[in-house]
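Participant: Below are the structure tokens for one structure; questions will follow.
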Amino acid sequence: MTNASIDDFNTSPRRPGALPRFETPIVPRNSISGRALIAVVAIMTFLASLTTGAVVLVRAAAGDWQSDVSREVTIQVTPASGRNLDAAVEKAAAVARAFPGIAAVRPYSKEESSQLLEPWLGSGLSLDELPVPRLIVVKIAPGAAPDIPQLRRMLAEQIPGATLDDHRGWIDRMRTMSGTAVAAGVCILILMVAATMLSVTFATRGAMATNRPVIEVLHFIGARNRFIARHFQRHFLVLGLQGGAIGGGAAIVLFALASIISRFFSGTAGGEQTEAMFGSFSIGIAGYIAVLVQVVLIAAVTAWTSRHTVNRTLQTID
């Protein structure tokens, strides 16, 4: 419905006897409660988008870690009295190189094996008297699926004190961590959607209370409930889209800036540690699409909640 201004009414010609029509929308478009609801929806959408982006980053990083770890196995040769440790390491490396599906084998020297303990024991500590095991990193060829149990048995039979670790426990823990992060993200999203629905419910009831005389007149002169509910639904759909676009747009800008900054610090010590934990801070096309879908979803939830609240309220007037 459109409004005719007072000036138009005073100056424009009209039929004799025609009465002026001053039509206003059932729900005010620029009310304080409407602006407050846009802010609430924007905040909820922003937080939901951050949660989604964090879940995407964690899953991507966990997937990269699992892929890297699953393509390597580690042979550990422990020293023993009367054993030539260097010869045992070379023999274990030779067995691994001859095994089908193995791409590369790299034995660690005594100094390199000791350096692996420095983050926990510190530097400058003499480890000559300690039985520090020697490590051999074995890389699996791309697309190959070597028989790891068979390799483990061969090493145990031919090299006393040699053990093989395929990192299955680490991979299982990473998979559990990734699943937990996804489940936590879904729970947070559900809570945010619930909070948004409550906010829309209170805003709808406030708008109906403010315009109750108009709504009652429309209702008693025969206006159907769906006619009134449609106006509220359209109004809150627009508010939801505005708030969602603000919150989702801010999240997209934040992720884009984080990706640019991470590339800028790439190659530094801090940048490498951050990239090792969270990847490149890029959520990718799928992540940005997920944020846009959330904007539309929150707007739809806002409209549906408003319509549902209006219908339930109008039933009390019948």
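The values are calculated or read from the model by the stated rules, or taken from the named source; none is laboratory data. Note that the coordinates shown come from a computational prediction; the quantities given were computed from them, not determined experimentally. No Cβ is skipped: glycine too gets one built from the backbone with ideal geometry, and neighbour counts run over all protein chains shown.
Participant: Just to be sure before I move on: is L254 exposed (fewer than 15 other Cβ atoms within 10 Å of the Cβ), aliphatic (A, V, I, L, M), assigned by TED's automatic domain parsing to the domain that holds M44 and in contact (Cβ under 8 Å) with a residue 24 or more places away in the chain in the structure I sent?
Facilitator: Yes; evaluated as a whole, the condition is true for this residue.
Participant: Among the numbered criteria (1) in contact with a strand residue (DSSP E or B) (Cβ under 6 Å, 6 or more places away or on another chain); (2) modelled with pLDDT of 85 or more; (3) closer than 21 Å to A87 by Cβ, which one does A103 miss?
Facilitator: The one condition A103 does not meet is (3).
Participant: Residue by residue through segment 159-200, note down the ones that are acidic (D, E) and under 25 Å from the mean Cα position of the chain (by Cα).
Facilitator: Hit for segment 159-200 is D172, nothing else.
Participant: In segment 141-158, what residues are exposed (fewer than 14 other Cβ atoms within 10 Å of the Cβ) and under 35 Å from the mean Cα position of the chain (by Cα)?
Facilitator: Listed by number, the residues that qualify are A141, P142, G143, A144, A145.
Participant: Filter segment 60-111 down to the residues that are of a type in the set (A, V, I, L, M) and without any contact (Cβ under 8 Å) to a residue 12 or more places away in the chain and list them by number.
Facilitator: Within segment 60-111, A87, A94, A98 qualify.
Participant: Now, a different point. Among the residues of segment 194-242, what is the count of those that are over 16 Å from R307 (Cα atoms) and crowded, with 16+ Cβ neighbours inside 10 Å?
Facilitator: Final tally of qualifying residues: 2.
Participant: If you don't mind, another one. If I go through segment 159-192 residue by residue, how many of them are touching a strand residue (DSSP E or B) at 6+ places or on another chain (Cβ under 7 Å) and either exposed (fewer than 13 other Cβ atoms within 10 Å of the Cβ) or aliphatic (A, V, I, L, M) (or both)?
Facilitator: Residues in segment 159-192 being touching a strand residue (DSSP E or B) at 6+ places or on another chain (Cβ under 7 Å) and either exposed (fewer than 13 other Cβ atoms within 10 Å of the Cβ) or aliphatic (A, V, I, L, M) (or both): 3 in total.
Participant: Does segment 65-94 hold any residues that are under 30 Å from M177 (Cα atoms), touching a Lys or Arg at 6+ places or on another chain (Cβ under 8 Å) and aliphatic (A, V, I, L, M), and which are they?
Facilitator: none
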